[in-house]
Amino acid sequence: MLKEQTTTYAYKLKYLENPTFDRIRAFANTFINELPSELRDELYDSLNRGTDLLDSEPSMLVYLFSFGKMHQAKLNYAFSKIPDGFMDQSEINIIDYGCGQAVGTMCYADYLKARGDKQKIKSITLIEPSEICLKRAALHASVFFPDAEITTINKKFDELDGNDISTSEDTPTLHILSNVLDLDFDLQKFSELIKSKLVGYNQFVCVDPYFGYSDKDQRMNKFADLIGGNISFSKILEKGELNPDKNWTCQTVILSVGEMEAELSTEVTDEEIQNGITDEDGVVYSRDGKRLLKCENKDLVYKKIDCEYYEITRYDPDIDYYYEISSRDPEVICAGAFEDCISLESVTILSSVKSIGGWAFYDCSSLKSIDIPSSVTSIGGTAFWGCSSLKSITLPPLITSIGFAAFCGCCSLNSVTIPSSVTSIEQQAFCGCSSLKSITIPSSVKSIGGYAFAYCSSLESIDIPSSVTSIGFAAFCGCSSLEFITIPSSVTCIEGGTFSECDLLREIKIIDNPLFVVDDDMLIDLKNSTLLAYFGKKSDVTVPSSVISIDGAFLGCSSLESITIPSSVTSIKSCAFDGCSSLKSITLPSSVTSIEQETFKGCSSLKSITIPSSVTSIESCAFSGCSSLESITIPSSVTSIERCAFDGCSSLKSITIHSSVTDIECAVFKGCSSLKSIALPSSVTSIGECAFEGCSSLESITIPSSVTSIENDAFKGCSSLESIIIPSSVESIGKSAFSGCKSLKLITIPSSVESIKSGAFGGCSSLKSIALPSSVTSIGECAFEGCSSLESIIIPSSVESIKSGAFGGCGSLKSITLPSSVTSIGLGAFGGCSSLESIIIPENSVERFKEMLPYSLRSKLYYLKKNS
């Protein structure tokens with residue numbers, strides 16, 4: 001196997017805890033930001049938009065920096081469309097074609113983690129023509145899936161032969177084809193080779209850019225045709241659809257080959273619904289009657305799903321038409337079939353049904369009873385989520401797992417019968433079932449997922465059988481009536497926060513299990529030296545020096561005021577102190593390298609904290625809701641500050657950000673209402689959505705010339721901001737970016753900006769004038785709505801459209817000049833402009849503008865004669 005092993009990069013990854021694609025990309029960000037801008041541009045140009053082979057360390061890093069986020073977004077979208085039947089498989093193999101640096105494999109690992117899935121990866125085959133890329137791909141794959149058997153194939157697609165591709169009769173295979181099918185190679189030969197090697201269950205995930213004008217756009221569909229099988233999802237996303245602020249395009253095909261998928265698939269397409277047969281209750285079935293697709297009647301109260309006969313009218317030009325009698329005996333209730341049917345009270349299901357899809361009865365809040373027949377073998381994730389009137393459920397004897405959030409939020413549920421066929425209770429399965437007092441877990445169950453019984457506040461007792469080997473993160477968090485629990489000898493893995501917010505918990509008893517110990521009301525994993533739970537009530541706690549990791553242990557400890565962490569601790573994991581509302585003091589040792597997501601979220605009494613220089617990343621929501629936090633210094637070692645990191649830190653007055661940081665991500669400082677000023681380093685390239693929204697005391701900010709985009713709502717509600725200069729590097733200003741900046745008097749928009757998006761400057765009531773550059777081609781809906789001090793504006797000759805409400809409510813606007821380039825003016829574009837005296841237009845264009853403007857404004861039209 002080719003694998004990178006002796007480099008500095010490999011050494012860094014060897015000690016990388018909790019690997020994610022964003023953390024891998026952060027290494028690239030650090031490297032790129034240390035380069036002079038000319039060298040950055042040279043490296044970027046050498047990539048040829050990411051289509052050329054990556055043949056050096058710098059080119060690999062600049063690819064992740066430049067295209068990593070786009071690649072990640074496409075893959076996450078595609079993975080979310082994989083049928084439940086495949087995601088329910090306990091073990092799979094992966095083949096990553098044209099894998100590059102194994103971005104597809106890494107993103108699939110992140111997707112599994114986000115879902116809380118325990119799916120095991122048995123083997124990974126990486127196919128890549130660039131040797132240096134392939135070595136790094138193998139390194140990445142081994143870090144994300146350390147137990148997988150990895151095979152590397154250093155070949156171009158046209159060089160592959162039958163020995164290079166292998167699938168299994170027993171283990172399903174995930175085929176990842178990401179940004180490769182649009183490349184130039186013999187597609188027919190490649191497809192036929194793959195098809196000849198397919199055995200068992202095969203799931204294909206295909207993503208490519210969509211050009212809209214190229215023959216390359218047809219290659220994905222041609223590949224699907226050549227492979228055969230069942231297309232469960234196919235979609236083209238135009239610019240702005242994958243991410244409203246990016247020009248990314250994407251075409252996706254989800255394709256499966258193998259009998260298993262056809263039997264288990266609950267996915268449904270809009271086209272299938274449109275072509276379906278609707279019964280008298282407004283329920284749509286597939287034309288063969290085997291799949292219940294969708295209930296279109298949201299007022300339906302009762303539904304009996306049973307065998308019926310119906311007529312299909314088929315048109316034939318020779319005999320006009322004829323009737324075909326067919327039966328309706330569905331085997332599948334498709335994903336989302338009865339979603340949001342809030343009047344539905346009772347459902348009886350025919351014994352032909354074998355599978356209930358994900359979110360099939362999602363938020364059916366009136367559903368009181370449902371009879372699930374013994375024929376059902378699978379129930380998808382969130383199938384009964386939010387069925388708040390459901391009181392009891394008996395699960396059929398053939399299901400093997402209770403899916404992700406299957407009964408989450410069923411707050412009236414007081415009785416559940418779990419059959420002995422069940423081996424796993426997945427993440428959030430019974431989360432928020434607040435009426436559930438007791439439940440019997442059968443001895444067949446081996447794993448209990450994260451948050452599986454979280455916030456079952458009436459749960460007084462639960463017996464964990466000796467078959468259970470793993471208990472997920474926060475599995476019993478918020479079980480506030482639970483007083484006593486026993487950990488059997490079979491348990492080998494307990495994740496953090498398992499017993500957080502169990503207010504009445506007095507004892508955790510360990511039965512003949514040398515892997516765990518309870519010390520001073522702390523549950524400690526001895527094998528990994530990890531503090532898993534604290535269930536005491538002390539206000540001052542000292543963590544034992546034997547501990548090297550804290551994993552969600554103090555989540556919701558509202559009585560905790562101060563804590564001493566020893567220098568032995570190197571890792572403080574997600575939610576470690578989440579909701580510690582009385583915590584006033586904490587010192588982080590210099591051994592800590594990252595502050596993970598939601599670590600200090602809701603620590604509303606914490607006034608200050610020193611982040612040691614060993615920390616390299618501050619993850620999402622790390623300090624969210626720390627409403628007393630007044631100041632914080634971020635050391636230069638930090639390269640990544642993730643979304644919502646300081647959201648709601650309403651007392652934060654100052655913060656220092658070093659040049660190691662490249663992105664101000666979504667909502668990082670949202671709601672920091674005491675923040676008066678902030679200096680962004682020249683390394684920052686983008687200001688994310690809602691980054692400074694609600695920073696009502698922010699008076700000044702300097703945007704460096706490295707910034708290329710200001711995303712939606714970035715400065716929304718910054719009511720003290722008086723002036724801002726947008727550098728010429730900025731190419732786009734997002735929707736409502738400066739909405740509600742009521743003190744803003746001066747703003748400079750550079751010629752690099754092509755459109756003023758909807759609501760961009762809405763409610764900027766102090767803005768008296770604004771110069772629009774000649775690069776602007778459109779002015780979005782409500783772009784300047786409510787700019788009540790705006791007196792005049794000249795629209796440049798580049799503008800073609802002025803959208804609805806663009807200048808609505810500009811009560812001081814007296815004059816506006818419109819160029820001949822304008823071809824459309826939306827409804828109410830100048831509505832409420834009560835002081836408007838003149839609309840100046842070019843000569844010989846009066847009639848055209850009369851057609852575009854409402855009758856009430858036609859009398860205000862003036863034009864200038866040439867040379868006047």
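Read-outs: derived from the displayed coordinates by stated rules, not from any lab. Given the structure is predicted, the values throughout are model-derived calculations rather than measurements. Reconstructed Cβ throughout: ideal geometry from the backbone, glycine too, with neighbour counts over all protein chains shown.
Among residues other than SER438 with Cβ under 15 Å from its Cβ, the summed charge is -1 (Lys and Arg +1, Asp and Glu -1).
In segment 709-793, a dipole from Cβ-located charges (positive for Lys and Arg, negative for Asp and Glu) runs towards its positive end, and of VAL776, LEU746, ILE756 it is LEU746 whose Cα lies farthest in that direction. Electrostatic tally near ILE510: other residues with Cβ closer than 12 Å to its Cβ, Lys and Arg +1, Asp and Glu -1, net -3. Of the cross-linked pairs LYS81/LYS239; LYS509/LYS537; LYS235/LYS294; LYS155/LYS239; LYS584/LYS735; LYS235/LYS446, those separated by over 28 Å at the C-alpha level are LYS155/LYS239; LYS584/LYS735; LYS235/LYS446. Between the listed residues SER624, SER614, SER682, the Cα displaced farthest toward the positive end of the dipole of the chain, a dipole computed from Cβ unit charges relative to the Cα centre, is found at SER682. Scalar couplings 3J(HN,Hα) for segment 817-828, obtained by applying the Karplus form with A = 6.51, B = -1.76, C = 1.60 to θ = phi - 60°, are 10, 10, x, 5, 5, 5, 10, 8, 10, x, 4, x Hz; x denotes Gly and Pro.
If you wrap the Cα atoms of segment 8-264 in a convex hull and average its projected area over all directions, you get 13.3 nm². Think of each Lys and Arg Cβ as +1 and each Asp and Glu Cβ as -1; about the Cα centre, that makes the dipole of the chain roughly 2500 debye.
Helical runs assigned H by DSSP (4 residues or longer) give the chain a calculated mean residue ellipticity at 222 nm of -4000 deg cm²/dmol, each run adding -39500 (n - 2.57) before division by the residue total. Positive contributions from Lys and Arg (+1) and negative ones from Asp and Glu (-1), summed over other residues with Cβ under 13 Å from the Cβ of SER700, come out at 0.
Hull volume per residue, based on the alpha-carbon atoms of segment 659-772 and their convex hull, is 73 Å³. Rounded to the nearest 0.05, the FRET efficiency derived from the C-beta distance between SER558 and GLU847 at R0 = 51 Å is 0.10. The distance between label points at SER389 and ASN163 comes to 6.6 nm (points 7 Å beyond Cα on the Cα→Cβ vector). Considering only alpha-carbon pairs that sit under 8 angstrom and 6 or more positions apart, the relative contact order computed for the chain is 4 percent. Taking the charge dipole of segment 689-830 about its Cα centre, with +1 at Lys and Arg Cβ atoms and -1 at Asp and Glu Cβ atoms, the residue from SER729, SER804, ALA714 reaching farthest to the positive side is SER804. In a simple Cβ point-charge model (Lys, Arg +1; Asp, Glu -1; nothing else charged), segment 8-264 has a dipole of about 560 debye relative to its Cα centre. Computed from phi, the 3J(HN,Hα) profile of segment 437-449 under the Karplus parametrisation 6.51, -1.76, 1.60 (θ = phi - 60°) reads 8, 8, 8, 9, 8, x, 6, 7, 6, 9, 9, 10, x Hz, with x in place of Gly and Pro.
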